[in-house]
Amino acid sequence: SALGQSVVRVRVVDSAEAPIPDADVSIVRGRSETIAHATSNALGEASFSISPGTEYQLVARRLGFTRSSRFFSTTAEAMAIVIRLARKAAPLDAVSVTEYSRRAAYRVGADAIAESPRPVEDGVDVITKLRPLIFDPTPRSKFNPCYAENVWVNGKRVRFAPANDRIALEKRHAAAVQRGAFNSAAFRTPPPLNGIASVPLSVLSVLASIRAEHIEEINYTDCEDKLDEGTRTSNSVFVTLKTGVGFEAGTGSYVLAQDVALAANRQRIVGVFDERSGAAISGVEVADSASHTSVMTTETGTVTLAFLTDGSHVMWLRKQGYVQLRVLVEISERDSLPVTLTLSPQH
């Protein structure tokens with residue numbers, strides 16, 4: 001390699017570890033600055049020579065597969081990275097379902113963040129500039145304003161986090177309150193707070209500590225979301241970080257120093273099949289009812305549950321044309337065997 005450069009060897013594979021040739025592989029710095037680009041060969045491999053000592057994002061794409069990315073830090077030595085792409089489920093005919101439409105309006109993914117023509121620096125920017133509806137839902141009443149009360153990061157609720165950059169956040173918050181002409185003394189007939197003015201500083205501080213380029217996806221559940229009322233996850237912002245990124249309350253998002261190997265129980269597989277035909281079902285949403293984090297089954301009807309923490313999880317399985325299934329899944333050292341589930345077609 002060139003003097004002072006770090007060689008990064010990338011291997012692109014599918015969920016069965018088979019190589020994926022002709023994949024578009026890029027090395028990105030920051031939110032969207034592409035500094036190197038290559039196409040994977042017949043073995044799914046591509047190589048780059050880049051400056052060491054910097055945080056980079058590896059992004060892989062190929063037609064028929066979902067986009068995948070991960071963060072890494074270079075060293076002066078050569079390094080090897082494996083990135084996995086999941087096959088896209090076949091698209092369904094458009095249907096009019098209010099609940100799904102509302103959730104789609106709240107969701108924002110990594111591609112939208114990277115392609116934003118407006119500058120976005122952190123999680124607050126992502127929402128206010130790309131999905132402002134999250135901070136400005138329709139109030140149901142003055143006692144149930146439907147604003148964002150909680151924030152979850154990678155499936156864990158962040159409680160009592162320090163307010164990072166509190167002075168700047170308070171200025172943004174105060175300006176929004178002033179625009180709404182809110183008067184606490186007039187509680188009997190207060191104008192409804194909206195936008196960023198309705199969001200607690202505790203939530204804003206967490207979002208402000210997460211760099212935009214570290215975000216894989218943001219979802220929001222409003223006060224009408226009754227998927228599993230016992231988990232109390234309504235009025236919550238859910239942030240999923242990219243592979244290779246960690247989060248610590250009070251510190252924010254950061255690139256992990258090294259890969260953490262997943263234990264066997266974290267790699268537990270779920271297979272979903274048609275109850276009548278026995279055929280594998282692709283495109284099934286497998287969602288954790290507590291965190292609302294979800295994955296989609298591949299063309300083989302399978303997913304791994306690596307996104308779940310250890311413990312008991314109530315999972316929902318949903319796909320148009322099938323009856324929803326609610327199931328309890330355990331993630332522990334004693335519970336690592338594959339789980340086979342069936343869905344019943346709707347009549």
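Every number here is computed from the coordinates shown, using simple stated rules; none is lab data. The structure presented is a predicted model; accordingly, all values stated were derived computationally and were not measured. Cβ sites come from the backbone with ideal geometry, for glycine too, and all protein chains shown count toward neighbours.
Could you compute the FRET efficiency for Ser49 and Glu275, with r as their C-beta to C-beta distance and R0 at 51 Å, rounded to 0.05?
Taking R0 as 51 Å, the efficiency between Ser49 and Glu275 is 0.45.
Distance from the Cα centre of the stretch 37-79 to that of the stretch 308-331, in angstrom?
Each part's Cα centre sits 33 Å from the other's.
Between Asp22 and Gln320, what's the calculated FRET efficiency when r is the beta-carbon distance and R0 is 30 Å? Round to 0.05.
Numbers: r = 32 Å, r/R0 = 1.05.
Plugging the Cβ-Cβ distance into 1/(1 + (r/R0)^6) gives 0.40.
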